Amino acid sequence: MPTEVLEKRITLADVEPLALFGVNDQYLHLIERRLGGAVIVRGNVVVLRGDAEEIAALEALFAELIYLLRRNGRLLPEDVATVVELVAAERGLRSPQEQEEEVIYVGRQGAIRARTPKQLEYCRLVRTHDVVFAIGPAGTGKTYLAVAMALAALQRDEVGRIIISRPAVEAGESLGFLPGDLQEKVDPYLRPITDALIEMLGAEKLRSMMERRIVEVVPLAYMRGRTLSNAFLILDEAQNATVGQMKMFLTRLGPRSKAVITGDVTQIDLPKPSASGLVDVQEVLQGIPGIAFVYFDRSDVVRHRLVADIVAAYERRQCDRASGHNGQ
């Protein structure tokens, strides 16, 4: 039977069609080429035509584009291309090779995929480099994807264990003075990591793997003196590692090991932000073969859409303060 052609109308309110569709309808042509269906513009009414799947994809696309246009006051070509590719990925319109590349790990709750072009670049760099630094704001998937890639490497027998660490500086206290045993002391710092592991593995499987020391989640202070071979290492919240701690962590790397270091240089909790090892390392290690840096920005945020607005607001305030300081 022939596929039924459906029609859906969208009325544009407070949206400039030229900004939405691009000069000479360049955005419109990209959308139709990539997603199929037909888009017909009649004044401030957009008519969508296609099968049910095409209509749903086009509706989702225009909802996101209109949101971005209202938020930013304009649409850049890269904004449109990113949204189109995300919607195309949801529909499975990538090639079989690209689709396979996007699946990072199949866990307890299904497949974990790269959801933005930058996330896909991140995953490719981790496959091809022994040390990768992922730097950018909250919500871009840096840590979550690192955990998924570590589990995938373990599943493929590329490594024999996973070791995940974080500096424990937020409370401004020494671990030795906090109440409880070691696990109770560090649990608040490491909870985001264990939550991700539980989501992907399940609590029982994670407990079993931790008991067998296949997976270790430890504070950075307890990494000193170890040589870690045949392991996938993750250092999370690396902006709160000092220069000395960063060097210590990186020099733990042994044969057949890989390290991913994640952090946000705008969220440094150290008394002196200039002492951050994540800031320092970008100058020290640039250009060394086998080491890669990937930088995320607010356009890569995959949490609630308000997270990108929140990040942008803080970035603006930081720029304003810097401008004011420089003008004094």
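Per-structure values
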| quantity | calculated |
| --- | --- |
| Residue list for the range 33-50, restricted to those being out of contact with any Pro (no Cβ under 9 Å at 6 or more places or on another chain) and surrounded by 15 or more Cβ atoms within 10 Å (Cβ to Cβ) | R34, L35, G36, G37, V39, L48, R49, G50 |
| Check on Q286, at pLDDT 75 or above and exposed (fewer than 14 other Cβ atoms within 10 Å of the Cβ) | yes |
| Among (1) in contact with a strand residue (DSSP E or B) (Cβ under 6 Å, 6 or more places away or on another chain); (2) within 30 Å of A313 (Cβ to Cβ) - the single one A63 does not satisfy | (1) |
| Residue in the range 1-18 that is on the phi > 0 side of the Ramachandran plot and either hydroxyl-bearing (S, T, Y) or in contact (Cβ under 8 Å) with a residue 24 or more places away in the chain (or both) present | yes |
| Residue list for the range 262-289, filter: under 21 Å from A146 (Cα atoms) and in a helix (DSSP H, G or I) | G277, L278, V279, V281, Q282 |
| Test: residue in the range 219-233 that is assigned to a loop (DSSP other than H, G, I, E, B) and modelled with pLDDT of 90 or more | yes |
| Close pairs from the range 131-146: first touching a residue at least 40 places away in the same chain (Cβ under 8 Å) and closer than 23 Å to L285 by Cα, partner surrounded by fewer than 24 Cβ atoms within 10 Å (Cβ to Cβ) and hydroxyl-bearing (S, T, Y), Cβ under 7 Å, at least 6 apart | I135/Y295; G136/Y295; P137/T266 |
| Top-ranked residue in the range 200-213 [being within 25 Å of the chain's Cα centre (by Cα) and aliphatic (A, V, I, L, M); ranked as most open to solvent (accessible area, probe 1.4 Å)] | A203 |
| For V265: the one exception among (1) open to solvent by less than 50 Å² (accessible area, probe 1.4 Å); (2) within 23 Å of the chain's Cα centre (by Cα) | (1) |
| Residue count, the range 109-119 (criterion: farther than 13 Å from A148 by Cα and in a helix (DSSP H, G or I)) | 2 |
| Residue match in the range 87-100 (condition: at pLDDT 80 or above, open to solvent by 40 Å² or more (accessible area, probe 1.4 Å) and either assigned to a loop (DSSP other than H, G, I, E, B) or among the hydrophobic types (A, V, I, L, M, F, W, C) (or both)) | no |
| Boolean, V186 is over 21 Å from A292 (Cβ atoms), modelled with pLDDT under 95 and in contact with a Pro (Cβ under 7 Å, 6 or more places away or on another chain) | yes |
| Test: residue in the range 50-61 that is assigned to a loop (DSSP other than H, G, I, E, B), within 23 Å of L151 (Cβ to Cβ) and at pLDDT below 85 | no |
| Selected residue (only one of G180, G136, G141 is open to solvent by 10 Å² or more (accessible area, probe 1.4 Å) and either more than 30 Å from E53 (Cα to Cα) or modelled with pLDDT under 80 (or both)) | G180 |
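The values are calculated or read from the model by the stated rules, or taken from the named source; none is laboratory data. Since the structure is predicted, the reported quantities are computational estimates derived from the model, not experimental observations. Cβ: placed from backbone, ideal geometry, glycine included. Neighbour counts: every protein chain shown. Keep in mind that these areas ignore ligands, DNA and RNA; they rest on the heavy atoms of the full protein, side chains included. Shrake-Rupley method; radii C 1.70, N 1.55, O 1.52, S 1.80 Å.
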